[in-house]
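Structure first, then comments.
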Amino acid sequence: MVKKLYGLIETGGTKFVLAIASSHKKILAEKHIPTISPEETLEQSIAWMASQSARIGRIDAIGISSFGPIQVDKTSPDWGNMLETPKPGWGGARIVEPFRKAFSVPIGLDTDVNAAAMAEGRWGAGRNQRTVVYITVGTGIGGGAVIEGRALHGLSHPEMGHMRVTRHPEDRDFPGVCPFHRDCLEGLAAGPAIIARWGANLSNLDENHISHDIISFYVAQMCTTLQSVMEPGRIILGGGVMQTPCIIERIRSWASKLQNDYFQGKPDQVIVSPDLKPYSGVLGALVLAEDALHLCHRN
Ligand code: ZN
C-alpha cells in the first residue's frame, strides 16, 4: 500500500500549528505561526504547506481542527467559515476555502476539541472507550465528544464551556466574565476569569490559595454533568489551566463528593489527562484528514 501524506492544521486564537504526517507516529514536518489576520495567517499556512509538499511529496488530504465558533455542517453553504467571534477580524473568515483552492484534495474539518476527542479516542487516553469527552480549560472552555467513533454535533458543535454551574460558597460576589452569560462555567473558571479575580494564573497562585478549590469545584461540576448526560468512559482534561500541579486530583476529589458514588464511571478512572499532548489537536486534524480521504474513496 502506498503511504498517504496528510496536511494538518490546528488553528488557535494565538497560533496555528501546521504539520505534514504519514501516520500518528510519523509527523514529518511541523511549524508554528502566530495568528494574525485571517488573510496573512492562511496565506503563510498555505505557503508553508506547499513548500513542504514540494519537498516531501504530494498531499492526499487535509485536516483542519479549528478554534470556534465555526460552521461544521457540511450541508451548509458557509461550511468552513468562522461564525461571529469576539476575535477581531475573524468573524466570517473562510478557513477551508483557501486550502481547497490551493490543494484540490479532500478536506476534513471539526472543532479543535472534537478533533482532540477523536485523536485521544483513537490513539490516546480514550482508547477502547465507546464515549470520550475532551475538554480544554484555558483562555476559554470548550468540549467535544466522540460517541462510537463519531464526533457529536447538534445544530452546531457542542458549547460545553457555557453550561451553568452552582457557585462555590466563597465565590459568590464575582460577576463572571463571559460576555454572553456572565457567570457560566467559562465566565467563572477559564483563564481570564482567574486573572480577573486573583491577578495571576492558577499555577502561579499558592497551592493553599482558595482559587484552586474554587476552580476545581467548577470543573468537577462540569465532569459530573457530563457523566449524568452521557456516562463517558473518559473525560480528558487539557488546556493551560489543567497544567496546574495537582489540579486533576482536586477535580477528582470534588467530583467524588458531588457524585456520591452514583455513576458507573468513577472519577479516579474517568477524569484523566491527555495522552497525546501537545499533539492532541494536530493529531485530531490527522483523524479528520484520514476520514475525509476514506469518505472520498467510498463515494
Ligand atoms: Zn458563557
For segment 24-150, what proportion of DSSP beta bridges, expressed in % and rounded to the nearest 5, is antiparallel? 65 percent
Of all accessible surface on the chain at a 1.4 Å probe, what whole percent is carbon and sulfur? 51 percent
Probe 1.4 Å - accessible area at Val113, Å² to nearest ten: 10 Å²
Cβ-based net charge around Ala220, under 12 Å, with every Lys or Arg adding one and every Asp or Glu removing one: +1
According to the square roots a ≥ b ≥ c of the eigenvalues of the Cα gyration tensor, what is the shape class of segment 184-272, taking rounded for a/c under 1.5, prolate for a/b larger than b/c otherwise, and oblate for the remainder? prolate
Please list the helices of the chain that count as membrane-span-like by this rule: a mean Kyte-Doolittle hydropathy of at least -1.0 together with Cα atoms stretching 24 Å or more along the helix axis, each helix being a complete DSSP H run. 38-56, 210-230, 280-298
Compare the peptides 54-66, 282-294, 189-201, 77-89 by average per-residue count of other Cβ atoms within 10 angstrom and give them in order, highest first. 282-294, 54-66, 189-201, 77-89
Cβ-defined net charge surrounding Val146, 15 Å radius [Lys, Arg +1; Asp, Glu -1]: -3
In nm, to one decimal, how far is the Ser51 label point from the Val2 one, both placed 7 Å along Cα→Cβ? 2.7 nm
Would you mind calculating the gained length between Asn201 and Leu28 on full extension (0.36 nm times residue separation, minus the Cα-Cα distance), in nm to one decimal? 58.9 nm
Please give the residues of segment 153-197, grouped as numeric ranges, whose backbone N is less than 16 Å from a label point set 7 Å along the Cα-to-Cβ vector of Leu83. 153-163, 179-181
Probe 1.4 Å, protein heavy atoms only - accessible area per residue of the chain in square angstrom: 47 Å²
Relative contact order of the chain, pairs being alpha-carbon contacts under 8 Å that are 6 or more residues apart, as %: 21 percent
Label-point separation in nm, Asp173 to Thr35, each point 7 Å along Cα→Cβ: 3.4 nm
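The values are calculated or read from the model by the stated rules, or taken from the named source; none is laboratory data. Here the structure is a predicted model, which is why all the values come from computation and not from measurement. Counting neighbours? That spans all protein chains shown, and the Cβs are built from the backbone with ideal geometry, glycine included. Note: areas computed on protein heavy atoms with side chains; ligands, DNA, RNA excluded. Shrake-Rupley method; radii C 1.70, N 1.55, O 1.52, S 1.80 Å.
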